[in-house]
Every structure is written in structure tokens, then in C-alpha cells.
1. In the range 317-352, what count of residues is obtained for those that are assigned to a helix (DSSP H, G or I), of a type in the set (A, V, I, L, M) and under 25 Å from the mean Cα position of the chain (by Cα)?
2. Modelled with pLDDT of 95 or more, under 30 Å from A291 (Cβ atoms) and of a type in the set (K, R), is that true of R396?
3. Could you tell me which residue of the range 230-263 is surrounded by the most Cβ atoms within 10 Å (Cβ to Cβ), considering only residues that are free of Cβ contacts under 8 Å to residues at least 60 places away in the same chain and either under 20 Å from the mean Cα position of the chain (by Cα) or part of a helix (DSSP H, G or I) (or both)?
4. For the range 215-222, check the following and say yes or no: at least one residue is over 14 Å from D261 (Cα atoms), at pLDDT 95 or above, hydrophobic (A, V, I, L, M, F, W, C) and part of a strand (DSSP E or B).
5. Given the conditions (1) within 27 Å of V317 (Cβ to Cβ); (2) aliphatic (A, V, I, L, M); (3) surrounded by fewer than 23 Cβ atoms within 10 Å (Cβ to Cβ), report the number of the one that L141 does not fulfil.
6. Does S312 satisfy the criteria of being outside any helix (DSSP H, G or I), among the polar types (S, T, N, Q) and surrounded by 15 or more Cβ atoms within 10 Å (Cβ to Cβ)?
7. Could you list all residues from the range 182-205 that are within 22 Å of A77 (Cβ to Cβ) and either surrounded by fewer than 24 Cβ atoms within 10 Å (Cβ to Cβ) or touching a Pro at 6+ places or on another chain (Cβ under 7 Å) (or both)?
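The values are calculated or read from the model by the stated rules, or taken from the named source; none is laboratory data. Only a predicted model underlies this, so the values are computations on that prediction, with no experimental measurement involved. Here the Cβ positions follow ideal geometry from the backbone for every residue, glycine too, while neighbour counts run over all protein chains shown.
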Amino acid sequence: MSKMDRKQDEGYRVPMSSPDLTEAERAVVADVLGSPRLSMGPYEEAFEKAVKEYAGVRHAIAVSSGTAGLHLCVRAAGISDGDWVITTPFSFVASANVMLYERAIPIFVDVEAITGNIDIALVEEAARDLKQGGKVSQRWLPRKGIKDQGALKAILPVDVFGQPVNYDPLLRIAKTFGLSIIEDSCEALGSTYRGRKAGVFGDAGIYAFYPNKQITTGEGGVVVTDNDAWASMIRSMRNQGRAPGDTWLSHTYLGYNYRLDELSAALGAVQMTRLDELIGKREQVAQWYLAQLKELQGVEAPQVVSSTTRMSWFVFVIRIDPSLKRDVVVDLLKERGIPARPYFIPIHLQNYMRERFDYWEGDFPVTEDLGRRGLALPFSSVMTREQVEEVCQALREVMEIS
């Protein structure tokens with residue numbers, strides 16, 4: 001748990017989230033501390049190998065964060081100044097920010113009400129209109145912030161809260177319109193879509209390992225891909241642009257310091273050996289919650305759709321009835337020693353997005369509804385049944401008086 005998370009959890013009876021660490025993780029970190037290699041050493045190689053084999057891909061490239069991995073994929077896809085990328089406004093801001101880093105334009109489409117994932121029918125409409133250009137494309141463009149007619153280059157879907165996007169039709173759309181897919185699976189390591197692992201459907205996928213994720217490296221991420229050219233470029237760009245054969249002070253490409261340190265990689269290598277255990281423990285916690293919340297009025301529990309053949313739970317987000325004020329629910333839970341947080345604030349309504357692109361409330365109504373009603377409850381693989389019952393009892397009391 002980060003210092004900020006610890007501070008936010010002070011005074012609560014149940015922590016919002018907690019990493020699941022054992023003596024095995026502590027031992028490998030101590031081993032690294034006793035070695036001369038603190039960056040790009042054998043544990044990084046072991047961690048990449050474990051993720052590569054788990055995902056069943058040719059390449060796994062460790063990076064300093066999920067955001068770094070997304071940014072490198074945007075660069076590898078050749079997305080640049082003025083280009084358009086179809087994506088979702090219901091996500092953590094990084095999935096849109098990485099386009100802005102390259103002066104590209106995120107083109108938002110609304111999401112499905114059940115999963116919160118990008119609406120595939122709207123993606124197809126947007127791709128067709130944007131490729132045609134002219135007046136029909138205006139429906140999808142922000143009100144300002146676009147100078148010239150752009151080129152639609154890619155789709156960046158997000159596997160929200162661990163549930164994979166409906167990828168079969170999305171892949172067909174990408175092929176029809178000649179678009180790359182950068183799969184943001186930062187929340188979905190271990191989930192499967194129709195029996196196939198999340199992260200492997202696009203030209204590249206990204207996993208992330210912040211302390212509240214299924215496994216943690218403290219900070220960190222991994223890019224997975226079967227694209228040899230992308231993999232080579234991403235490996236170079238994460239390490240200050242050094243290509244194979246470059247010396248320490250030679251740089252073939254413009255690059256970044258996006259390396260994953262050896263301490264974090266060591267942690268990840270051990271956590272990967274426990275991945276199925278950790279996912280199973282999170283599944284149990286989710287089932288305790290679902291059983292407790294089954295009959296609770298005013299609360300909509302998360303749903304897993306049939307195409308998600310394994311749900312790797314990242315967070316447990318309920319939806320509060322529209323007739324109730326979520327902020328009041330949060331305050332009443334806090335009085336009972338239970339933390340809860342809104343999840344997500346729509347990206348298009350973030351101040352900098354509104355100022356830059358002139359988005360308004362009402363532009364993406366499903367996203368905004370989910371943003372108004374979503375509430376993340378305490379969740380981790382180390383939660384006990386008693387803690388879940390305590391959270392749910394507090395929620396029952398709050399719902400009765402709200």
C-alpha cells in the first residue's frame with residue numbers, strides 16, 4: 001500500500017485495498033538489495049518470461065507503469081500529431097492521456113451500461129464516419145481542439161474493472177477499417193474472453209501492477225505482443241532509445257526512462273508464481289460480496305457477462321440507485337469506519353479535458369450515469385469474510401437511512 005493509500009485509510013476499520021505479500025516476496029527483494037544489479041537484471045528477465053508464458057505471446061516487455069506501456073504502444077503504432085484514436089471516456093485518465101502526449105486526439109464513444117466497456121456498435125459507427133470524413137465525422141469530434149482533418153489510426157479499448165471488452169466484433173471492425181488495436185488490460189490480468197486471455201487480442205496489450213492490482217510490483221507494467229517490430233521498438237524506447245548494438249551512450253531512437261527496476265521485477269516474478277492463487281482469493285471475496293448484496297435495495301452489484309469466461313476481479317464497484325446521493329452514502333459509510341470511493345470520474349469531464357476540447361455534461365450519458373453512481377467498496381485478496389460482512393452491514397444501515 002502506498003503512503004497516500006495508507007493516509008487515506010487512516011481511521012477506517014477496513015482498508016480500501018492491500019497487497020498480498022509473503023516471505024517469498026520479501027526474500028527476493030532482499031536478494032536484489034545484496035546484489036550489484038538494481039536495474040535490468042535476471043529478475044526482470046524472469047518476470048518477463050513468466051508473463052510471456054502466461055499470456056502465450058512472443059514478447060513481454062517490463063516497463064515502469066501501465067501508463068508507460070500504453071504510451072510506448074502509441075508510439076509503436078505510429079500515432080502522432082493530429083491523429084485520431086477511438087477510445088472510452090469511462091476509464092482511468094491514463095488511457096486518454098497517452099494520446100495527448102503525442103498530440104493525437106482521443107475520440108470518445110460511449111460505453112455499455114452493464115460492463116462499462118466501450119460500446120462496440122458505436123465504435124463501428126464512429127470508425128465508418130471518421131473514415132468517410134466531412135460532415136458525417138463531426139458527430140464524433142470534440143467541439144474544439146482539432147485544427148485539421150485527422151487520420152483515424154487506432155482503437156484503444158479498456159477492459160474495465162477486469163472484464164474484457166467484446167473483442168470478436170472489435171477485431172472485425174479494426175480489420176475492416178485498417179486500424180491498430182492497443183488493448184488496455186491494466187485491470188484485467190488473468191481474465192479470459194471466450195477462453196482466451198485478456199491482453200492478447202490487439203496488436204499489443206498492457207498489464208499494470210499498482211498495489212491494488214491482482215499482482216503488484218509496487219509500480220510497473222508489462223507490454224505483451226506478437227508483433228516483432230513493435231516489441232523491438234518498445235524495448236528500445238523504454239531504455240532511452242538504445243537499440244540492439246548501441247553502447248551505453250548511443251541512442252538510435254528518441255526514448256524514455258521507462259525501465260522497470262530490478263527490485264520491482266523480483267517482486268513481480270514471485271507474484272506471478274502465485275497469480276492463480278491470488279485471482280482465486282479475489283474471486284472468493286467477490287462471491288462473499290455478491291451473496292451479501294443480493295437482496296439489498298438501492299444497490300446494483302457488478303455483473304459478469306457470458307463472454308467473460310474467467311473474471312479476474314480488480315475492484316468491486318457497486319452502483320447506487322439514481323434516487324440516492326452517492327456522496328451522502330460515502331459520508332455515512334465513513335462515519336461507520338468504512339472507506340468507499342467514486343469510480344470513475346468520466347475522463348471527458350475532467351477539468352483539463354473540458355478546457356481543451358469543450359466537452360459538456362450530457363455528451364456521453366451512459367458513462368456519466370456510471371460515473372455518478374459507481375462506488376468502489378474495500379477489496380483485496382487478503383480480505384476476510386468477516387470484513388466483507390462488516391462492510392455490507394454498514395452499507396445496509398446506510399441504505400436504510402439514505
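1. Within the range 317-352, the subset assigned to a helix (DSSP H, G or I) is 326-335, 347-349, 351-352.
Adding the requirement that they be of a type in the set (A, V, I, L, M) leaves 328-330, 332-333, 347, 349.
If we keep only those that are under 25 Å from the mean Cα position of the chain (by Cα) too, we end up with 330, 347, 349.
Counting residues in the range 317-352 that are assigned to a helix (DSSP H, G or I), of a type in the set (A, V, I, L, M) and under 25 Å from the mean Cα position of the chain (by Cα) gives 3.
2. Values: modelled with pLDDT of 95 or more: yes; under 30 Å from A291 (Cβ atoms): yes; of a type in the set (K, R): yes.
Spelling it out, R396 is indeed modelled with pLDDT of 95 or more, under 30 Å from A291 (Cβ atoms) and of a type in the set (K, R).
3. Kept after step one, since they are free of Cβ contacts under 8 Å to residues at least 60 places away in the same chain, are these residues of the range 230-263: 232, 236, 240-255.
Those left that are additionally either under 20 Å from the mean Cα position of the chain (by Cα) or part of a helix (DSSP H, G or I) (or both): 232, 236.
On the way: S232: 15, S236: 20.
The selected residue is S236.
4. From the range 215-222, those over 14 Å from D261 (Cα atoms) are 215; that's our starting set.
Next, from what is left, pick out any that are at pLDDT 95 or above: 215.
Right, trim to hydrophobic (A, V, I, L, M, F, W, C) and you get 215.
Restricting the remaining residues to those that are part of a strand (DSSP E or B) gives none.
The answer is no, given that none of the residues of the range 215-222 is over 14 Å from D261 (Cα atoms), at pLDDT 95 or above, hydrophobic (A, V, I, L, M, F, W, C) and part of a strand (DSSP E or B).
5. (1)
6. Numbers: outside any helix (DSSP H, G or I): yes; among the polar types (S, T, N, Q): yes; surrounded by 15 or more Cβ atoms within 10 Å (Cβ to Cβ): yes.
For S312, the condition - outside any helix (DSSP H, G or I), among the polar types (S, T, N, Q) and surrounded by 15 or more Cβ atoms within 10 Å (Cβ to Cβ) - is met.
7. If the condition is that a residue be within 22 Å of A77 (Cβ to Cβ) and either surrounded by fewer than 24 Cβ atoms within 10 Å (Cβ to Cβ) or touching a Pro at 6+ places or on another chain (Cβ under 7 Å) (or both), then E183, D184, A188, Y193, R196, K197, A198, V200, F201, D203 are the ones that fit.
Condition check ((1) part of a helix (DSSP H, G or I); (2) among the acidic types (D, E); (3) modelled with pLDDT under 95; (4) assigned by TED's automatic domain parsing to the domain that holds I182) across all residues:
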residue	(1), (2), (3), (4)
P15	no, no, no, no
A27	yes, no, no, yes
E44	yes, yes, no, yes
V57	no, no, no, yes
A62	no, no, no, yes
L70	yes, no, no, yes
I79	no, no, no, yes
F90	no, no, no, yes
